[in-house]
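The structure appears below as structure tokens.
The values are calculated or read from the model by the stated rules, or taken from the named source; none is laboratory data. Since the model is a prediction, treat every value here as computed from it, not as a measurement. Here the Cβ positions follow ideal geometry from the backbone for every residue, glycine too, while neighbour counts run over all protein chains shown.
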Amino acid sequence: MNNTNRALNRSLVLGAGLLLLAAAAVLGLLATQSAMADAWGSVADSARASVAPWFQATPLAATGNSWLWIVVVAVLTVIVGLLLGFILRQGRGHSGRLISEQTTDWGSTQVDSAVAEQALQHALTEHPEFLSTRVSTYRVARQAVLKVSVTCRRGTSPIDVVRIVEAALTALDELLGLRIPALLQISGGFRVRTSRTTRIR
């Protein structure tokens with residue numbers, strides 16, 4: 001869970017992978033096939049001869065250089081900026097604030113994520129069905145969502161797991177006076193692995 005579109009993530013990864021694969025294949029052919037290297041040299045010379053007049057026809061004042069280089073640098077800068085922005089967004093989405101509401105004209109109600117996370121963690125660790133539990137908060141579509149991940153002991157029924165976690169979430173909702181969306185992820189023994197492992201509440 002993060003604040004980037006999953007389809008966009010996968011499309012960019014797939015596109016980058018295909019480009020790298022194509023580049024590796026071309027470099028391999030150029031290094032091993034002399035005919036391919038000769039053809040590449042011919043294409044490169046032809047492209048250079050075609051592009052050179054463009055730069056000669058677009059001089060930048062008295063510098064002797066073409067202003068097209070400025071356009072190329074600007075476009076590359078924008079592309080690099082977009083890629084850096086995309087990279088920096090990865091892995092984010094965690095939220096330190098669970099509730100932030102303007103309750104009156106004079107103030108607001110703020111509840112940190114740690115309050116809900118620690119309360120749920122404490123409630124779930126009391127059940128011997130769980131080997132480990134983890135609760136985290138994410139921001140999805142500008143709304144806080146709890147993610148509850150539990151690892152169960154072998155032989156534990158997923159139905160029992162869902163019942164226990166839903167009871168803890170209901171108690172938390174009653175404590176906060178607000179229904180908090182939650183994602184439950186279950187992993188563990190054979191019965192769990194052969195059953196549906198994710199539940200959205």
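Table for the structure above
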{"read-out": "In the stretch 46-56, the residues that are surrounded by 10 or more Cβ atoms within 10 Å (Cβ to Cβ) and either in a loop (DSSP other than H, G, I, E, B) or modelled with pLDDT of 80 or more (or both)", "value": "Ser46, Ala47"}
{"read-out": "Residue within the stretch 131-147 that is exposed (fewer than 14 other Cβ atoms within 10 Å of the Cβ) and at pLDDT 85 or above present", "value": "yes"}
{"read-out": "Count of residues meeting criterion [among the charged types (D, E, K, R) and more than 24 Å from Thr156 (Cα to Cα)] in the stretch 105-130", "value": "2"}
{"read-out": "Members of the stretch 148-166 found to be of a type in the set (Asp, Glu) and buried (at least 18 other Cβ atoms within 10 Å of the Cβ), listed by number", "value": "none"}
